[in-house]
Structure formats: structure tokens, C-alpha cells
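K.L.:
Below is one structure. I have some questions about it.
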Amino acid sequence: MGDAAERWSERVTRVLAPNPSPLTLEGTNTFVIADPAALTAVVVDPGPAGDDHATRVVRACGGRGVELVVLTHTHPDHAEGARAFADRAGAPLAALAPGWASPGAPDLAGGAPLAGAGVELVPLPTPGHAADHCCFLLPAERAAFTGDHVLGRGTTVVEWPGGDMAAYLRSLALLLDHDLAHLYPGHGPVVDDPRARVEGYLAHRHEREAQVLAALEAGDRTPAEVVARVYADIDPVLHPAAELSVRAHLAKLVGEGRVRAEDGGERFRP
Ligand SMILES: [Zn+2]
């Protein structure tokens, strides 16, 4: 497969991890960021464990030392190899998730800009896909590293109970506050129409929510009944995954007082 590194911009190189799947698309995108004149690099999402991928990431640094490693979130396809990579590179690891950051690593929660590798990266906490999810703005390119918040293709997974649909929609709207020209996602290709993509994601979720509400109005009570109606046209093999997504929608609607949960959260009514 040759060298999996690909230059995406003046400052950004994508190194594709060898973990393709239906959820990870071609694999996880590990990013190396450096100003062309900088002597160091910042690495986003070292990806799954594995020496070969780590070696390709080091090679993509082009002789620069790694100054900082940051995580968009701690799902294994992004973070399993992070600690070993940071140790190998002798760099601090920064993450929103409690217990993941190295001692002395910069704090991401407050959104204070990180300076490294001749560029400024601004953490933008974006809970939803996962509670510990964080995007990173790269103002020099009007770009954002979006992890699994927004993908290069298709929609992302927001599954009950790890995902939070209400938080996810608020976090999507946060991206619209910034005048972005490019998104560098955790899976799939660069997104060159960020506003249209984010608005499309919001529309998709609102449409799904309306379908879930309509199913309850029509008399469905359990998540499985809602799935059977709303996802009638997809392979039943995918119904268990669809049920976790429907449960995420239901949890949001319950939280908003628009739906009532009964039987310990196994039955729902409008
Ligand atoms: Zn993820």
C-alpha cells in the first residue's frame, strides 16, 4: 500500500491507519501538523496500536520532533496507540478524557489556544459522539480537525448510552460559529463545504427525530417497534445498532419533556 501519508495542505499531512471497516471507512486519519519552517510537529489522533502505523507517523514528521500529541476522543480507533506513541516520541499527550492526559499537558477544556509546531490550535470541546470529544481549530487555514464529530463521508454514530444526542446537536451548531473553509475529519476525505455539511447533519438528525416522534404518535412504544417502522428499509442485521441510535433520540426527547419514559426506560409515549 506504499506510504500512507498524504499532504492535505501546507501544514497538514494525513497518515491513514490500517484499520478500515464500515464504521472507520478507509481507516483512521492520523494528522501531522507543522508550519513549513517549524522544527517540531503536533500529532492528532495516533490511532490504533501498532508499530508500523506509528513508524509511518514518525516518518511523516519529516525529521521534526513531536512537540505535542492531542486526541479528539478516546475511542480505540483514535486513541489505542496514543500513549505508546507519545512515549516513543517523548511528547505530552493532551485529551479531554479524565485520566488520559500526561502530567503537565495543556488543558483542553477551557479552549485556550495551544501553540506548537509554529501553528496555533484552538481546542473546541464538542461532546455528543462521545462525552470526551474535542475538535481543534486551525485558524491559519480556517480549518478544523473534527474527529468523529463530522466525517468525510456519510453520517457519524451517536449511540445510547455513550453518545448524547442533545449534546451532539449543540456541538454541531458550535462549528457554525466559525467561518471554516475545510474540515479534516477522523475518517474519510477532507470536507471543503463545512457549512453545508454541518447543516446537512443537523437536518438529518431533525428529520430522524421527527420520524421517531411520528412513530410514537402512531402507537409504537418500544425502541424496537420504532426501529421496525423508521428503519423498515434497512437490513435487519443493522437493527440493533439502529435501536441504540433511536434510544439516543428518545433520551433527548425525554430530557426535553416531549416524551415520557415508562417501565424503567423500556417503553415511551408522547
Ligand atoms: Zn469515535
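K.L.:
Given 127, 123, 46, 98, which one is in contact with a Cys (Cβ under 9 Å, 6 or more places away or on another chain) and assigned to a loop (DSSP other than H, G, I, E, B)?
P.N.:
Going through 127, 123, 46, 98 in turn, the sole match is 127.
K.L.:
Now for a separate question. All but one of (1) in contact (Cβ under 8 Å) with a residue 40 or more places away in the chain; (2) under 30 Å from residue 99 (Cα atoms) hold for residue 198, so report the exception by its number.
P.N.:
Among (1) in contact (Cβ under 8 Å) with a residue 40 or more places away in the chain; (2) under 30 Å from residue 99 (Cα atoms), the lone unmet condition for residue 198 is (2).
K.L.:
If you go through region 227-250 one residue at a time, how many are of a type in the set (Val, Ile, Thr) and outside any helix (DSSP H, G or I)?
P.N.:
1
K.L.:
Now, a different point. Of the numbered conditions (1) within 14 Å of the ligand (Cβ to nearest atom); (2) closer than 11 Å to residue 128 by Cβ; (3) surrounded by fewer than 21 Cβ atoms within 10 Å (Cβ to Cβ), residue 158 fails exactly one; give the number of that condition.
P.N.:
Among (1) within 14 Å of the ligand (Cβ to nearest atom); (2) closer than 11 Å to residue 128 by Cβ; (3) surrounded by fewer than 21 Cβ atoms within 10 Å (Cβ to Cβ), residue 158 violates only (3).
K.L.:
Follow-up question, since we're still on this one. Any idea how many residues of region 81-94 are farther than 12 Å from residue 105 by Cβ and either of a type in the set (Lys, Arg) or surrounded by fewer than 18 Cβ atoms within 10 Å (Cβ to Cβ) (or both)?
P.N.:
Number satisfying all stated conditions: 4.
K.L.:
Among 121, 108, which is surrounded by 22 or more Cβ atoms within 10 Å (Cβ to Cβ), over 23 Å from residue 156 (Cα atoms) and out of contact with any Asp or Glu (no Cβ under 8 Å at 6 or more places or on another chain)?
P.N.:
It is 121.
K.L.:
Consider only pairs whose beta carbons are under 7 Å apart and that are at least six residues apart or on different chains; among these, list those whose first residue lies in region 166-190 and is more than 19 Å from residue 12 (Cα to Cα) and whose second residue is modelled with pLDDT under 95 and within 15 Å of the ligand (Cβ to nearest atom).
P.N.:
Listed by first residue and then by second, the contacts come to 168/158.
K.L.:
Starting from region 85-96, take each residue that is under 11 Å from residue 43 (Cβ atoms) and list its partners that are part of a helix (DSSP H, G or I) and modelled with pLDDT of 95 or more, counting only C-beta distances under 6 angstrom and pairs at least six apart or across chains.
P.N.:
Filtered contacts from region 85-96: 85/54; 93/82; 93/86.
K.L.:
Out of the residues in region 166-181 that are farther than 25 Å from residue 119 by Cα and within 15 Å of the ligand (Cβ to nearest atom), state the one that is surrounded by the most Cβ atoms within 10 Å (Cβ to Cβ).
P.N.:
Per the stated criteria, the residue is 168.
K.L.:
Can you pull out the residues in region 62-74 that are assigned to a loop (DSSP other than H, G, I, E, B) and either within 16 Å of the ligand (Cβ to nearest atom) or crowded, with 22+ Cβ neighbours inside 10 Å (or both)?
P.N.:
71, 72, 73, 74, listed by residue number.
K.L.:
Looking for whichever is within 16 Å of the ligand (Cβ to nearest atom) and either of a type in the set (Phe, Trp, Tyr) or outside any loop (DSSP other than H, G, I, E, B) (or both) here; the options are 77, 52, 87. Which one fits?
P.N.:
Within the list 77, 52, 87, the selection yields 77.
K.L.:
Could you list all residues from region 133-155 that are within 14 Å of the ligand (Cβ to nearest atom) and buried (at least 21 other Cβ atoms within 10 Å of the Cβ)?
P.N.:
Listed by number, the residues that qualify are 133, 134, 135, 145, 146, 147, 148, 149, 150, 151.
The values are calculated or read from the model by the stated rules, or taken from the named source; none is laboratory data. Just so it is clear, the model here is predicted, and its values are computed rather than measured. Reconstructed Cβ throughout: ideal geometry from the backbone, glycine too, with neighbour counts over all protein chains shown.
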